[in-house]
Each structure stands twice: as C-alpha cells, then as structure tokens.
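One structure is given here, and the rest of the page talks about it.
Just so it is clear, none of the values below were taken in a lab; they were calculated from the coordinates. As the structure is a prediction and not an experimental result, all values here were calculated from the model. Note that each Cβ is placed from the backbone with ideal geometry, even for glycine, and that neighbours are counted across all protein chains shown.
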Amino acid sequence: MKILRTIPEVREAVGEARAKQRTVGLVPTMGAFHEGHLSLMRRAREENGLVVVSLFVNPTQFAPNEDLSTYPRDEARDAAQAEAEGVDILFAPAPDEVYPLGFATSIHVAGITDVLDGASRGAHHFDGVATVVTKLFGIVRPDAAYFGQKDAQQVLVVRRVVRDLDLDVRIEACPIVREADGLAMSSRNVYLDPAARQQATALNRALDAAQELHDGGERDSARILAAARDVLDAAGIRTEYLELRDAETLEPVADTSRDALLAVAAHVGAARLIDNHLLTGHPSEHDRISEHDRITERDCIPGPSGIPNPAYPSEPDRTPVPSRIPDPSRTPEPAHPAKPRRTSEQNGTR
C-alpha cells in the first residue's frame, strides 16, 4: 500500500490504474478506523481494481465549539488496518494541500441540510462535507464511492451533489456495523467512560422499539416516536433530536406508509452520538422513491481485519445489519473493466 500526501501523486497513481483498465473505488474517511470503516474497504476491494482510502480530518465541517482538536487520530494504526484490508492507496494530505492559501469556494446543498444534523450542528457542517467530498471526487475520479449508513443524512447530501453537478461517480451506502450490544460503531465511542458506554446502548434499543412497532403494522409517526422516546427517557438520555423523516426528501412525515428515516442524536457522557433505522413503507408504484436518490443499503463483506482496535476492547458483532431496502436486481460490477470516461469533447467542454 502506498501512503500519498499530495494531489499530483494521487492523480498519477490513479492514472496508471486507469491505463490498465482498472476501476477505482474511493472510501472517504476521517480516520480512527473501526469495523464500520473496514467493511467499506472490503466492499470497495470486492468491486474495484484500485482502492483509494482518504484519511483527512476535515476542518471545515467542525464548528469552533466542536471536537476538531481532540478528534481521535492514529495514522500508523489506521494505515496498518487499511493495508490489511488490501487498500492500494491511503491518501493522507495536510490541510493546506486540500485548502491552499486563498481557497474561497464552498458547496451548499439547500433543503436537506436544514434539518437533523444540519439544524443541530449548523449550515457549515454539510457545506464542509459537500465541499471536501466534491474535491476528493475531482482528485480521485472514482467509479464508485462508499459511505456508511450511520451517516444517513450525509449520504443523501452527497447523492444530491452528484446528481445536481452531474458528477460521474456511483454512491454506495453500506449498512451500519454494531457492537454485540447494538451500539453503532463510531470513532467518537472512545470518548465514552464505562457508565456512558452502557447508557449509550439505549439509542439502538429505542430505535429497535420503534422498529418493532412499525414492523407490527403501526404507521402513525407519533406513536412510533413515542415508543423510542420511552426507552430513551428510561435511560436518562436527552436528545438533540429524535425524528421521523421521509427517506428521500427529509421532510417530516405523519406516517410511515412510505420509506422513512428514524434518526436520533444525543450527547451521552462526553460523546455526541447519532444513529438511525430505515423503516420500509409500502408505496404505490406511482409514489415509489427512485433508487438514485433514496438511501439504500447492501451488505458489506464481513470479516476481521486481523488488527486489534483498542477503542473496542470487547469483541464486536461483525455481522452487518441486513438491508432494510432490498434491491435484488443489483449485481456487483466486474472487478477490473473500467467504465468509459467521457472526454472533454463529449462533454462539450475542455
């Protein structure tokens, strides 16, 4: 595995792979790898001839009062884990490589960034995400990019950027990977002391309670949310938000007859944690959500990296959460043939 620091180095390495007709998969990360990240790398490895993982703690998506300075960082450990998963390139740039002196461009996605994490963390958050991801797409020019379903709103934002800007990249969302007790894996879990770690399990238990009610036939949003709220209240957790929203538009929903995102964010101990479940509705053919825009999942490839993760001393449940929106028509792309790239003449630009 190569560890590259500059944009020209990455472009040269990707260009060599393209010359050999190899497809390129990108896994954008901020490091502090856990099993969720590794599952994305395995999926990318299965489907592509060249796998690029970016390791960059993006300063533009943090507010001044957030944890940019304390966010977990251990490049040596991350590099060893990535190499064990068969990653070809670890792109680990310095901030001034991504944002050089005089950088003055930002990408803002309206609408879907105004709610949930956008409302809680501020407009800057998803502006920073959209901008850095678009830069990475321009640097690597991947055929596919892989994101975790835990950051469901981020997946929707990135898909909207790709659609609106006509970017030639396929966005894949992989299922949430959880600990044996249900806690969604997160780099910020290292902030939890033992008491907070136990308390945090209530997040998924609350979502499970709501999911069970929905799966039993309940469609009223207020009743479904109340089932989750009861579990959180019993655990003494005060949420930033607990909401049911349309899985495509993130508009509030009165019922779950269409696919809905049940999302929660809360401060537990020293950590701000998020989690979500997808509640599958039963829309008519006329109302069915397009595959391009809605949040979808497909099982990632299970299996340990072989390198211990000190953030998770107990052995986690490495079985990916099953997809709640199955799509049996999809099949993996060949590992090697690269899709044709449009030339500047075909695009009408140079």
At R0 = 45 Å the Cβ-Cβ FRET efficiency linking residue 208 and residue 103, nearest 0.05, sits at 0.55
Part-to-part distance (alpha-carbon centres) for region 267-281 and region 13-79, which is given in Å: 22 Å
Using only C-alpha positions, report the orientation-averaged shadow area of the convex hull of region 1-72, nm², one decimal. 5.8 nm²
Simple spin-label estimate for residue 96 and residue 74 in nanometres, 7 Å along Cα-Cβ: 2.9 nm
Bins of 5 Å from zero: percent of alpha-carbon pairs in region 23-112: 3, 12, 21, 20, 18, 15, 9, 3, 0
Distance in nm between residue 20 and residue 123 label points, each 7 Å along Cα→Cβ, equals 4.6 nm
Within a Cβ distance under 12 Å of residue 122, other residues only, what is the Lys/Arg minus Asp/Glu net charge? -3
Which semi-axes, in whole Å and largest first, does the equivalent ellipsoid of region 107-232 have when worked out from the alpha carbon gyration tensor as the square roots of 5 times its eigenvalues? 30, 18, 15
Here the residues of region 50-78 lying in the modelled label zone of residue 12, meaning backbone nitrogen under 20 Å from a point 7 Å along Cα-to-Cβ, are 50-55
In order over region 7-16: 3J(HN,Hα) from phi, Karplus 6.51/-1.76/1.60, θ = phi - 60°, whole Hz, x for each Gly or Pro, gives 5, x, 4, 5, 4, 5, 5, 5, x, 5
